[in-house]
Protein chains: 4
Amino acid sequence: MKALVYHGAGKKAWEEKPMPVIQKPTDAVVRILKTTICGTDLHIMKGDLPEVTDGRIIGHEGVGIVEETGNAVSNFKKGDHVIISCVTSCGKCENCKKGMYSHCADGGWILGYMIDGTQAEYVRIPHADNSLYPIPAGADEEALVMLSDILPTGFECGVLNGQVKPGDVIAIVGAGPVGMAALLTSQFYTPAEIIVIDQDDNRLEVAKTFSATHTINSSKENATEKVMSLTNGKGVDAAIEAVGLAATFELCEEIVTAGGHIANIGVHGKSVTLHMETLWSRNITITTRLVDTVTTPMLYKTVLSKKIEPKQLITHHFRLDQVIEAYDTFGNAAKEKALKVILTA
Amino acid sequence: MKALVYHGAGKKAWEEKPMPVIQKPTDAVVRILKTTICGTDLHIMKGDLPEVTDGRIIGHEGVGIVEETGNAVSNFKKGDHVIISCVTSCGKCENCKKGMYSHCADGGWILGYMIDGTQAEYVRIPHADNSLYPIPAGADEEALVMLSDILPTGFECGVLNGQVKPGDVIAIVGAGPVGMAALLTSQFYTPAEIIVIDQDDNRLEVAKTFSATHTINSSKENATEKVMSLTNGKGVDAAIEAVGLAATFELCEEIVTAGGHIANIGVHGKSVTLHMETLWSRNITITTRLVDTVTTPMLYKTVLSKKIEPKQLITHHFRLDQVIEAYDTFGNAAKEKALKVILTA
Amino acid sequence: MKALVYHGAGKKAWEEKPMPVIQKPTDAVVRILKTTICGTDLHIMKGDLPEVTDGRIIGHEGVGIVEETGNAVSNFKKGDHVIISCVTSCGKCENCKKGMYSHCADGGWILGYMIDGTQAEYVRIPHADNSLYPIPAGADEEALVMLSDILPTGFECGVLNGQVKPGDVIAIVGAGPVGMAALLTSQFYTPAEIIVIDQDDNRLEVAKTFSATHTINSSKENATEKVMSLTNGKGVDAAIEAVGLAATFELCEEIVTAGGHIANIGVHGKSVTLHMETLWSRNITITTRLVDTVTTPMLYKTVLSKKIEPKQLITHHFRLDQVIEAYDTFGNAAKEKALKVILTA
Amino acid sequence: MKALVYHGAGKKAWEEKPMPVIQKPTDAVVRILKTTICGTDLHIMKGDLPEVTDGRIIGHEGVGIVEETGNAVSNFKKGDHVIISCVTSCGKCENCKKGMYSHCADGGWILGYMIDGTQAEYVRIPHADNSLYPIPAGADEEALVMLSDILPTGFECGVLNGQVKPGDVIAIVGAGPVGMAALLTSQFYTPAEIIVIDQDDNRLEVAKTFSATHTINSSKENATEKVMSLTNGKGVDAAIEAVGLAATFELCEEIVTAGGHIANIGVHGKSVTLHMETLWSRNITITTRLVDTVTTPMLYKTVLSKKIEPKQLITHHFRLDQVIEAYDTFGNAAKEKALKVILTA
């Protein structure tokens, strides 16, 4: 089969690889129908994640058709259409039982990272019963690719951890794909105001079409002052960090109201300064989270009942064998006005 | 009347002051029976809180007898014995209605700080109906002084925010009075193991008598390694910071398990380094809080039913007019083996 | 002044009454601008609530202008426009501090019941600081009358107690004004499906315009069978009872799924049969609640930000002095296709 | 092997049965070391559960040694000592993922009911990875038999669902084994007062030794009046029903305070009368639950750290081949002063 293979920092190729096979009775092999590229994949390709080794097939998102199952797999059979979760969950370790699949003792985020991934014609999925989700006939499978990672990530790390409530004023810092997923899913809880902050006017425009009530270009305005002005000096009930930089995290520290939440989604490479000299008395809550995908079934119901249209996040389409070209487009997201790209096998 | 008055950094005096009077219909004047000294009072006396002005009467803890009430006070009348809360709550602003009394629009922590306090023969209590708590006949009033500040502080900021649960392994960093209050009240939720970390062997000994299951002297051992060894490399479910320094906060970052809580109690004067480069994916929750005293009624019930003995925290007794001497003792807490001192009028 | 006065079962009159006066420093007198009639008022007029005595002015909803305040009232002053809450809250008893205003030691539902109410030109409001809510200039005051009772009742007793979540399937049994308020406010939490059950086709039509996804006329179809068919035999996550009869409560018992919620809103005059022989093992939660109006500030924000349009609930308008005629219309709600009537002074 | 076999109402025998074998890759076969008898087993033996068929091996509690495992079992291997959960959980259906194992699509309570159980020398355990719990060397295995059913039942259905909090006043109605388990585990949350109600003086005496603060013999006193007198007319924060009769459920309705909880544990054979004519406005919560055993790991930690001594519940010992005699003793619990009996293989 063909797959996108990492060969060290800056080197990747669409090349022939052996078909994946069932290794354990709980495995499934899935034929990929649609996949996509994540910001994390760009980091891997740059060599930022040294634990990814030469020869690894990249990608942790996608929908497909079950090709083969181990003898202990009971939820799925050959021919079933499935969403592949970016997080592998055994369902039987201490953390899985708590719903913290991200820290599964035999899983977590491993796909396209510690084991071969989904930017390929076929992929092996360990613990298939707990790591795949069924797709009924007739569903819009392209939209459902957004359920592999981006929607649960925005929702769990941003919206749920931010404890967004009806009537809240919230800020989302970063209008990339995950920030947009937080923007869409925050509306499940009917906040009164949603302020989106970014440095890219195009993305801010898109945020408005996704019902942001206010946008701030932080390269042109003082974001803290603007937020304080919009909130009568109170700050926001939830500040959702969807960038992963010290500056954006500290912005969240500045704009959160007393009793409010800072919900981190961003992947950080460095430490940040936590201003405990002011925050100690502010009754705030800061959360971090690697997505658990525990809400995938709930999100799936909201998609099927058309409460959310994840397809809105898709800006570009490619054939799977055009994956190198798709990386180029996604890697120049601002210039290309790209959010999510879809690769169709 | 006589009172302890702040006269600028390093200067204090026990001197004559005018009797407090009712200023608003919601005020009460209380005659002090017992009061105590808080670590914060030491900071004020050093001049660390410049918003405290020359002439201020210090102190925010105590029990007393109601001497006079404004015409809108209905919960209390002259002669009632009362616990004075360190936090003033109007009961009718947005934050009070949410139970966040610490950020009351016309209150919060003001006593012995922005208005005259309790290290005096009499004190005026604004919003008396919501800021005093009744004491029934026969109660041990000395023990109840611990309900003014220290017990709700340890419990709300440390135990509740740390979400301590039956079977948890928790660490309390700092075995001063507030850390000890967290130690006592954490046992309301039956954690399996309580590790107390401090640099003072005497305090660690006291912690053991308060049912700490393990103690670590962090000046003699590597606390992180010891905690990891005690927890089979997992870390603690809740790390309660009761010091207020960058080093102790960072220790909490190191020892908290995936999915765990860092509950800050300490008053911090400087920023701390938050290691988001590792914590971003660890599903942790960090909380800060100025005590709300919203749990005072609950704590009061546990004291009356003898589930907790706050008196254990009292190490020294003085007459109220010996307050200067009491400050000397409390200011040398380690040498004097002092936790809480009681001043009796 | 003029007021609607109850004179025993079946007897009411629009007649002259003395102007209300400030009795306690926490009182306010409010001039009524708009008021409405509640289903409970009909029960009072029939004599079903014998604790209501001859001479009582009825009504517990409305907006108005503060005319006078006691000397302890600090949140409001003469001339302020206000929403009157149907529940009086002292803000300083044990239950108020827990947010359970409905069981306030010096309040709860007393307006137009134990003390004179709002179907009058003026009304005295005890504990005004905690029982009135400010209206900013320019707001649609007619819509805000719905915040006195009906919206918080549907939301707190039905939606919050039913723990409605994104993706849920819920049923609302009873499409009267309060059931409709539950229908509108349930959408704050984005359920996937909302099934509304009633015996009045007109109300079911209205429910559809309020975004019910399915309606069932239980006088024409077997509601239990229909719900089970719509939910693949599983039943609903939340069954909201908005009628107050044994039959409708038992319907909720039949249609709730394992792990689901029955949230009672209806005022019941008789006991109901609880089928514990089947329910004991079904992991369900049943709640009852007299509205606390603790969510009024939150609801108010959602109205101001246009997330909900309570005006949709208003079907008829009268002048305040036409109140007798308004009762006739509201008393024949089905025939008159009435939900809420507005009386304007 | 030998096993206790049900042969229709009133007929049981200790007889030879075929050894259980692995049927699915997720099964394990366990050799029983210790088992016990549950009140439900008595009902089965009387013929009250007609779904139990002739030939069924009874029993759903026990500890043992893993004899054999299917090829998909990874948490356990031959020779491991294990606690058998009374509830079978597949870990991969919708309900298991929510932690509602009791309604597992391929499990729930089936052991000794729909499939052969633990009152035998060997037992097959489906979904072994999720339905067994490891026992470390040196643990007191007899005490751990209480973790199969009785402790999680009392804790989950009674204490957790009753939302017992520090300072609460609670009542436990029924001092049989499960009521006693609720009594022991309620103390994890430090209620101020625990009132135990039963008709058996011996059991009430035992309850006192388990730290009940008050006991009421409801055959000799009016329990409602006594509870109201003990609570100054307020009633209890949580009323835990551990009997399963209409009268005891209605007692809970009478004694629960406004805002309180009725947590049902009892297995009911008939409907009960729910007094909605008074309860509709009382802000109460009623819960039902078939134990999920989701707290078994947490309970296990509290046992290992000696926060609870489940052995206190054991009153009688027998050899496994004396099981018929053990049934006689347990069937005359009041006369024999029996709580739990232990059968040792």
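The values are calculated or read from the model by the stated rules, or taken from the named source; none is laboratory data. On a predicted model such as this, the values are computed, not experimentally measured, just so you know. A quick note on method: Cβ atoms are made from the backbone with ideal geometry, for glycine too, and the neighbour counts reach across all protein chains shown. For the accessible areas, the whole protein counts, side chains as well, though only heavy atoms, and no ligand, DNA or RNA atoms are used. Shrake-Rupley method; radii C 1.70, N 1.55, O 1.52, S 1.80 Å.
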Between B:Ala247 and C:Lys270, what's the calculated FRET efficiency when r is the beta-carbon distance and R0 is 41 Å? Round to 0.05. 0.05
Relative counts (whole %) of C-alpha pair distances in segment A:1-72, using bins that are 5 Å wide: 3, 15, 21, 22, 18, 13, 6, 1
14 Å cut-off, amide nitrogen to a point 7 angstrom out along A:Arg31 Cα→Cβ, residues in segment A:120-136: A:121-123
Using a Gaussian network model on chain D with a 10 Å cutoff between Cα atoms, which of D:Leu160, D:Leu290, D:Leu279 fluctuates the most? D:Leu279
Per-residue Cβ counts within 10 Å, from other chains only, averaged over C:181-187: what number is that? 1
Starting from the amide H of B:Ala239, placed 1.01 Å from N in the peptide plane, find each other amide H under 5 Å away whose residue is 5 or more places distant or on another chain. B:Ala171, B:His261, B:Ile262, B:Ala263
Over segment A:1-80, what is the mean sequence separation of C-alpha contacts under 8 Å (at least six apart), divided by residue count, expressed as relative contact order in percent? 37 percent
Is it possible to state the helix-based mean residue ellipticity at 222 nm for the protein assembly as shown, with each DSSP H run of 4+ residues giving -39500 (n - 2.57), the sum divided by total residues, to the nearest 500 deg cm²/dmol? What is it? -6000 deg cm²/dmol
Express the C-alpha Rg of chain A as a ratio against the empirical globular expectation 2.2 N^0.38 Å, rounded to two decimals. 0.98
Charge dipole (debye, nearest 20) of the protein assembly as shown; +1 at Cβ of Lys and Arg, -1 at Cβ of Asp and Glu: 0 debye
Pick from A:Ile284, A:Ile170, A:Ile197 the residue whose mean-square fluctuation is largest in a GNM of chain A, springs joining Cα atoms under 10 Å. A:Ile284
Going 7 Å from the Cα of D:Ala105 toward and past its Cβ, which residues in segment A:56-83 have a backbone nitrogen under 13 Å from where you end up? A:74-77
Please work out how many pairs of lysine residues in segment D:246-345 are eight or more positions apart (or on different chains) and have Cα atoms closer than 23 angstrom. 7
Estimate the FRET efficiency between C:Asp54 and D:Leu49 by the formula 1/(1 + (r/R0)^6), using the beta-carbon distance for r and 60 Å for R0, to the nearest 0.05. 0.55
Measuring nothing but label to label, 7 Å from Cα along Cα→Cβ, what are A:Gly8's distances to the other copies in nm, shortest first? 7.0, 8.0, 10.2
Nearest residue to the symmetry axis between B and D, taken on chain B by its Cβ, in whole Å: B:Tyr189, 3
If you roll a 1.4 Å probe over the protein assembly as shown with all protein chains in place, what percent of the accessible area is carbon or sulfur? 51 percent
Keeping every protein chain present and rolling a 1.4 Å probe, give me the accessible area per residue for the protein assembly as shown in Å². 35 Å²
Take a quick pass over segment C:1-88 and tell me how many lysine pairs come in under 30 angstrom between Cα atoms, counting only ones 8 or more apart or on separate chains. 23
Taking the label point 7 Å from Cα in the Cβ direction, how far apart in nm is C:Arg319 from each other copy of itself, listed shortest first? 7.8, 7.9, 9.8
Nearest-first distances (nm) between copies at B:Pro134, label 7 Å from Cα via Cβ: 3.3, 5.5, 6.0
Keeping every protein chain in place, order B:Arg31, A:Arg124 by accessible area at 1.4 Å, biggest value first, i.e. largest first. B:Arg31, A:Arg124
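How big a patch of accessible area, both sides summed and in Å² to the nearest 100, lies buried between D and C at a 1.4 Å probe?
It comes to approximately 2800 Å² buried between D and C.
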Charges at C-beta only: +1 for Lys and Arg, -1 for Asp and Glu. How large is the resulting dipole of chain B about its Cα centre, in Debye rounded to 20? 500 debye
With a ≥ b ≥ c taken as the square roots of the eigenvalues of the C-alpha gyration tensor of the protein assembly as shown, please select rounded if a/c is under 1.5 and otherwise prolate if a/b is larger than b/c or oblate if it is not? rounded
For segment A:24-144, whose charge dipole is built from +1 on Lys and Arg Cβ atoms and -1 on Asp and Glu Cβ atoms, the candidate among A:Ile115, A:Ala137, A:Pro25 with its Cα farthest towards the positive end is A:Pro25
Using label points projected 7 Å from each Cα along Cα→Cβ, tell me how many nm separate D:Lys98 and A:Asn217, to one decimal. 4.7 nm
Just tell me how shielded B:83-94 is by partners: mean number of partner chain Cβ atoms within 10 Å of each residue's Cβ, no decimals. 3
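Quick check on segment C:46-167: take the gyration tensor over C-alpha atoms, sort the square-rooted eigenvalues as a ≥ b ≥ c, and tell me if it's rounded (a/c under 1.5), prolate or oblate.
Verdict is rounded for segment C:46-167.
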Sites matching trypsin sites (Lys or Arg not before Pro) across segment B:282-317 that sit in DSSP coil, with at most 12 neighbouring C-beta atoms within 10 Å: B:Lys306
Compute the Cα gyration tensor for segment D:72-136, then decide on rounded, prolate or oblate, letting a ≥ b ≥ c be the square roots of its eigenvalues: rounded whenever a/c is under 1.5, prolate when a/b is larger than b/c in the other cases, and oblate in all that remain. oblate
